[in-house]
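Undergrad: Structure provided below as structure tokens; questions to follow.
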Amino acid sequence: MTNEVTRPLRAPRATKAVIDLSHNPIKIGARAMKISMRPLLPALVLSVAGFSMANNAQAGCGFVPSPLKPNAWSPSTQASPTLLSAYYRPAAQGQFLLTSDDGDSRDEPSIVGMWRFELVTGPTGAVVVDDGYAQWHSDGTEIQNSGLHAPITSNFCLGVWKQVGRNTYKLNHFPLAWDATGKTPANAIQLTQTVELTDENHMIGTFTLKVYLWTTPDSLTVTGPPVATVTGTLKATRVTIDSTVPGAQ
């Protein structure tokens, strides 16, 4: 029986272990087994390189956020999230367009909604040009239901609006008027307004109404200057869920 003295083996470095194991056999019992580690070499090199790059990247950023402590967060100091309405308009250069009218001021009242309006003219504002209901939509369109014009002469008309300043808006509106029979076109009209919200539920402003001769329904094209131009002032009150018919008891 041969007495053997067992010496502790020193663990080689990882890279040397790969090289040694790829060339030198390992004795297990009485047999010699040769294990090639060459297929694992690229993976090991990449792992080491990746670990090194990760450490370098962390050091190079110059800022590593520390974990947020529970007592460091205060709901009262956090800005509340805000959603803005927008739609995508496909074109040569696609873009998102805001459909809300809040501009850069979140505390402004919104013109979007339903309004009871009145347009007047004359030195004392005694002549009513039109009155009725209007809706200003969040997509920049507008519709009016005129109470001064009979339905047979066309009492619904359409427009578009845009915010031009703080609480200030411009409207471009196009009524089409028919004669009393409702069978013959009479006038193509352009109504422009500049309005200001004095508070959440009231607006004031000025308007210009240009009347053109319109002779054929086959075309909206008119010729010549307007046959009449009317200017004046306007006021409107917001219609809410609690509104009633004006003058109702």
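The values are calculated or read from the model by the stated rules, or taken from the named source; none is laboratory data. Keep in mind that this is a model prediction, so the values were computed, not measured. Here the Cβ is made from the backbone with ideal geometry for all residues, glycine too, and neighbour counts use every protein chain on show.
Undergrad: Taking region 124-158, which residues are part of a strand (DSSP E or B) and of a type in the set (A, V, I, L, M, F, W, C)?
TA: Applying the first criterion (part of a strand (DSSP E or B)) to region 124-158 yields 127-136, 141-146, 156-158.
Residues satisfying the conditions are VAL127, VAL128, VAL129, ALA134, TRP136, ILE143, PHE156, CYS157, LEU158.
Undergrad: Also, I was wondering about something else. Got a sec? Which of ALA180, ALA186 is assigned to a loop (DSSP other than H, G, I, E, B), in contact with a Ser or Thr (Cβ under 8 Å, 6 or more places away or on another chain) and closer than 26 Å to GLY122 by Cα?
TA: One residue alone meets the criteria, ALA180.
Undergrad: I'd like the residue in region 100-123 that is closer than 21 Å to THR229 by Cβ and part of a loop (DSSP other than H, G, I, E, B) and, out of all such residues, is modelled with the highest pLDDT.
TA: To start, the set of residues in region 100-123 that are closer than 21 Å to THR229 by Cβ comprises 117-123.
Keeping just the survivors that are part of a loop (DSSP other than H, G, I, E, B) gives 122-123.
On the way: GLY122: 92, PRO123: 88.
Among those residues, the one meeting the criterion is GLY122.
Undergrad: Within the group ASN201, ASN172, which residue is over 30 Å from THR221 (Cβ atoms) and out of contact with any Cys (no Cβ under 8 Å at 6 or more places or on another chain)? It would help to see each step written out before you state the result.
TA: Details: ASN172 fails: over 30 Å from THR221 (Cβ atoms).
Going through ASN201, ASN172 in turn, the sole match is ASN201.
Undergrad: Then there's this: Within region 193-249, track down each residue that is hydroxyl-bearing (Ser, Thr, Tyr) and farther than 23 Å from LYS170 by Cα.
TA: Here is the first cut: in region 193-249, the residues hydroxyl-bearing (Ser, Thr, Tyr) are 194, 198, 206, 208, 212, 215-216, 219, 221, 223, 229, 231, 233, 237, 240, 243-244.
THR215, THR216, SER219, THR221, THR223, SER243, THR244 - these are the residues of region 193-249 that are hydroxyl-bearing (Ser, Thr, Tyr) and farther than 23 Å from LYS170 by Cα.
Undergrad: Where the second residue is in a loop (DSSP other than H, G, I, E, B) and the first is aliphatic (A, V, I, L, M) and lies in region 221-249, which pairs have Cβ atoms under 7 Å and are six or more apart or on separate chains?
TA: VAL222/TRP214
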